[in-house]
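See structure below.
The values are calculated or read from the model by the stated rules, or taken from the named source; none is laboratory data. The structure presented is a predicted model; accordingly, all values stated were derived computationally and were not measured. All Cβ positions, glycine included, derive from the backbone under ideal geometry; neighbour counts span all protein chains shown. With ligands, DNA and RNA removed, areas are computed over all heavy atoms of the protein, side chains included. Shrake-Rupley method; radii C 1.70, N 1.55, O 1.52, S 1.80 Å.
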Amino acid sequence: QVQVVESGGGLVQAGGPLRLSCAASGKIFRVNDMGWYRLAPGKQRELVAGITRGGSANYEDSVNGRFTISRDNAKNTMYLQMNSLKPEDTAVYYCTAKILTSLIEYRDYWGHGTQVTVSS
C-alpha cells in the first residue's frame, strides 16, 4: 500500500545540474525523517543528505554546498537539487523515508533507486 518512488535521474555532464524527486504514496499517517543515499560501484552506500519533517537538513561533506535537500510535506515529496555535479557523484541514488502508516505502526521505506551518471 505504501511506497516511495524516486525519479529524475539520468545522464548529465560534469558541472551540470540535476534534480531528484522522491514521492511517498499510499495510506500514510505521517512521513517523518527522509533521506537520500547513494551507492557507487566498489563503494559503500552512504548517506548523501537527510532532512527532518521540520526541514532541518544535513549533508555528506563531499556534497555540502553543491546539493540542496528539501521537502513538501503536503505532497509527501522530497527533492534533491544537485548542482556542480562531478563524475564521482555517479551512483544509484536511493530515497528512504520513515513512515507512520497508523498511530502505532511505522516502517522505513526504500525506493528502488534512480541512476545518476555524470560524464567528464
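Taking all Cα pairs closer than 8 Å and separated by 6 or more residues, the relative contact order of the range 48-120 comes to 23 percent. Taking a Cβ cut-off of under 13 Å around Gly55, the surrounding Lys, Arg, Asp and Glu residues balance to a net charge of 0, with basic ones at +1 and acidic ones at -1.
Averaging the Cα positions of each part gives two centres, and for the range 100-120 and the range 11-78 these lie 9 Å apart.
Here, the range 1-114 has an Rg and a Dmax of 13.9, 45 Å when only alpha carbons are counted. GNM on the chain, alpha-carbon springs under 10 angstrom: the most fluctuating residue among Lys43, Lys86, Lys98 is Lys43. The apolar share of the surface of the chain, taken as the fraction of accessible area on carbon and sulfur atoms (1.4 Å probe, ligands and nucleic acids excluded), comes to 47 percent.
Give me the accessible area per residue for the chain, probe 1.4 Å, as a whole number in Å².
Averaged over the residues of the chain, the accessible area is 54 Å².
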